[in-house]
1. What are the pairs, 6+ residues apart or on separate chains, where a residue within region 56-75 that is at positive phi has its Cβ under 8 Å from a residue that is part of a strand (DSSP E or B) and surrounded by 11 or more Cβ atoms within 10 Å (Cβ to Cβ)?
2. Looking at region 4-27, which of its residues are under 27 Å from residue 47 (Cα atoms) and touching a residue at least 60 places away in the same chain (Cβ under 8 Å)?
3. Among the listed residues 68, 120, identify the single one that is in a strand (DSSP E or B), touching a strand residue (DSSP E or B) at 6+ places or on another chain (Cβ under 9 Å) and at pLDDT 95 or above.
4. Quick check on my filter: what residues within region 114-138 are over 15 Å from residue 29 (Cα atoms) and touching a residue at least 24 places away in the same chain (Cβ under 8 Å)?
5. Residue check: is residue 104 closer than 30 Å to residue 43 by Cα, at pLDDT 95 or above and loosely packed, with under 14 Cβ neighbours inside 10 Å?
6. Give me a count of the residues in region 75-101 that are out of contact with any strand residue (DSSP E or B) (no Cβ under 7 Å at 6 or more places or on another chain) and either under 30 Å from residue 42 (Cβ atoms) or in a strand (DSSP E or B) (or both).
7. Do you know which residues across region 123-138 are part of a strand (DSSP E or B) and surrounded by 11 or more Cβ atoms within 10 Å (Cβ to Cβ)?
8. For region 32-55, give me the residue count where each residue is touching a strand residue (DSSP E or B) at 6+ places or on another chain (Cβ under 7 Å) and either touching a residue at least 40 places away in the same chain (Cβ under 8 Å) or more than 18 Å from residue 104 (Cα to Cα) (or both).
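The values are calculated or read from the model by the stated rules, or taken from the named source; none is laboratory data. Bear in mind the structure is a predicted one, so any value in this text is a computation, not a measurement. Ideal geometry is used to build each Cβ from the backbone, glycine not excepted, and the neighbour counts take in all protein chains shown.
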């Protein structure tokens with residue numbers, strides 16, 4: 001199975017206070033090749049094991065609240081200035097690294113039609129110098 005995913009995580013307050021930023025997040029895009037072993041493939045309910053590896057792209061952003069102003073037009077009121085809240089990116093860092101994943105899932109449906117599934121996978125991204133980024137997303141979905 002070819003699996004493409006995106007996960008976004010916040011950064012905890014203690015870490016943000018330590019580095020001196022008011023806000024931030026981490027985004028992980030992944031593209032992996034994952035073989036599946038079905039433990040009960042001929043039944044309506046299927047338990048399976050999945051795992052593999054591929055490329056992970058992580059982006060770390062540190063942010064702060066801000067505002068933006070622009071001119072808008074309304075046929076009744078004409079032109080007017082608008083100020084809206086926004087988020088200003090203060091620092092951003094993106095890196096591509098290899099990684100692996102392993103997990104298990106459960107699907108319910110018929111053999112010839114789509115199935116509703118739930119799975120959890122442990123992901124490890126190899127950052128270099130004996131450092132890793134680990135996370136476990138839980139996915140609920142529909143597979144045809």
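1. none
2. 5, 7
3. 120
4. Those that are over 15 Å from residue 29 (Cα atoms) and touching a residue at least 24 places away in the same chain (Cβ under 8 Å): 114, 115, 116, 117, 119, 128.
5. no
6. Let us first name the residues in region 75-101 that are out of contact with any strand residue (DSSP E or B) (no Cβ under 7 Å at 6 or more places or on another chain), namely 75-78.
The next check asks that each one be either under 30 Å from residue 42 (Cβ atoms) or in a strand (DSSP E or B) (or both); those that pass are 78.
Within region 75-101, residues that are out of contact with any strand residue (DSSP E or B) (no Cβ under 7 Å at 6 or more places or on another chain) and either under 30 Å from residue 42 (Cβ atoms) or in a strand (DSSP E or B) (or both) number 1.
7. Within region 123-138, 123, 124, 125, 126, 127, 132, 133, 135 qualify.
8. First pass over region 32-55, keeping only residues touching a strand residue (DSSP E or B) at 6+ places or on another chain (Cβ under 7 Å): 32-40, 44-55.
The next check asks that each one be either touching a residue at least 40 places away in the same chain (Cβ under 8 Å) or more than 18 Å from residue 104 (Cα to Cα) (or both); those that pass are 32, 34, 44-55.
Count: 14.
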